[in-house]
Amino acid sequence: MGIDINGAKFLIGVARSGVKFDTCATLGRQEMHVTSLQLVKVFQQFSVPVSIVEAKAILENHGAQGYSEAFLERCGAEEIVSFDNSDYEGASVVHDMNLPLPGEYEQAFDCVIDSGSLEHIFNFPVAIHNCMKMVRVGGHFLSMAPCNNFMGHGFYQFSPELFFGVLSEENGFVIERMLIFECRLDSQWYTVAKPARLGGRVELLNSRRTYLLVQARRKKITLLNTIAPQQSDYVTTWSMGHLPPKMARAGSANAIVRWQRLLRGKIQEAIRLLPIETVRTPFRRPWYEPFHWAKAKTLR
């Protein structure tokens, strides 16, 4: 659990675009996995002047070396509450997120941050609902979640469709941004298209560890999970009584569709075996569009 240079860039970016951090909850007490020089550079990207001395002070965190509270304060946090299953890192509240949270924490925070914890919690539906219930109306849930090539890191690695399905209008949320990037310095970020809007699955075949960044705002209070999310392409198929147009375009016969899928799988296997330098970007339109903070809309 922790905030690396990409996580720091995400949190500074959403704070600068209007996300309130006043009362802030984190899953786990988050460590800072950046150097002081990296921190200076990422603040400078958002025209925030921070000296190397100030960056070192942020990382020293009022004497609590390496933890994120001072960094979150720089993002606007006035109150920070950390939740963990153990007090080994000095979390504010000891609670197993596999279990429902006490009611006192419902709608208690402007911002709830997951920076690498949800994948380690077996009962994901309860854990994500805990996060959602903690957010006030108008507040935000922010997640930095493993996507591709993280097998063995935790219990799960997440698909964009999962977050689109859970953080939905029916559950009182709207996803304002979903970004994806490969885990490396100065990585290009991309926006992720909503599968339901495209009428098909949003997939990725790559060879590097990949993260999703999710910014979701709570619009209203609703009963969560009264209807379980369903994968959007299946919903389309069920409602139409036949394959979606994009899948059926090549022909109505099931045999043709099966051969298409088999051929596509073989091509993907061949691409995976190619040296990484010979493969063009896996982030292809219309699923992914390049994202730049300088062109991003603000919430204010």
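Summary table
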{"quantity": "Pair list, Cβ < 6 Å and 6+ apart or interchain, from region 172-200 residues that are under 12 Å from V214 (Cβ atoms) and among the polar types (S, T, N, Q) to residues that are modelled with pLDDT of 90 or more and not in a strand (DSSP E or B)", "calculated": "none"}
{"quantity": "Matching option when the condition is under 27 Å from G138 (Cα atoms) and free of Cβ contacts under 8 Å to residues at least 12 places away in the same chain, among E78, E69, E60", "calculated": "E69"}
{"quantity": "Matching residues, region 26-70, being touching an Asp or Glu at 6+ places or on another chain (Cβ under 9 Å) and outside any helix (DSSP H, G or I)", "calculated": "T26, L27, G28, R29, Q30, E31, M32, H33, V34, G66, Y67, S68"}
{"quantity": "Residue within region 200-214 that is surrounded by fewer than 19 Cβ atoms within 10 Å (Cβ to Cβ) and at pLDDT below 85 present", "calculated": "no"}
{"quantity": "Matching entry among I52, I12 (being at pLDDT 95 or above and buried (at least 19 other Cβ atoms within 10 Å of the Cβ))", "calculated": "I12"}
{"quantity": "Among (1) under 21 Å from A296 (Cα atoms); (2) part of a helix (DSSP H, G or I); (3) out of contact with any helix residue (DSSP H, G or I) (no Cβ under 6 Å at 6 or more places or on another chain) - the single one K9 does not satisfy", "calculated": "(3)"}
{"quantity": "Residue match in region 21-28 (condition: surrounded by fewer than 18 Cβ atoms within 10 Å (Cβ to Cβ) and in the same structural domain as F71 (by TED's automatic domain parsing))", "calculated": "yes"}
{"quantity": "Single match in F158, F141, F122, F164 (criterion: touching a Lys or Arg at 6+ places or on another chain (Cβ under 6 Å) and at pLDDT 95 or above)", "calculated": "F164"}
{"quantity": "Flag for D114 being under 30 Å from V166 (Cα atoms) and within 21 Å of the chain's Cα centre (by Cα)", "calculated": "yes"}
{"quantity": "Region 36-76 - residue that is under 21 Å from T26 (Cα atoms) and charged (D, E, K, R) and, of those, farthest from the chain's Cα centre (by Cα)", "calculated": "E60"}
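The values are calculated or read from the model by the stated rules, or taken from the named source; none is laboratory data. This one's a predicted model, so the numbers in the text were calculated from it and none came from an experiment. Counting neighbours? That spans all protein chains shown, and the Cβs are built from the backbone with ideal geometry, glycine included.
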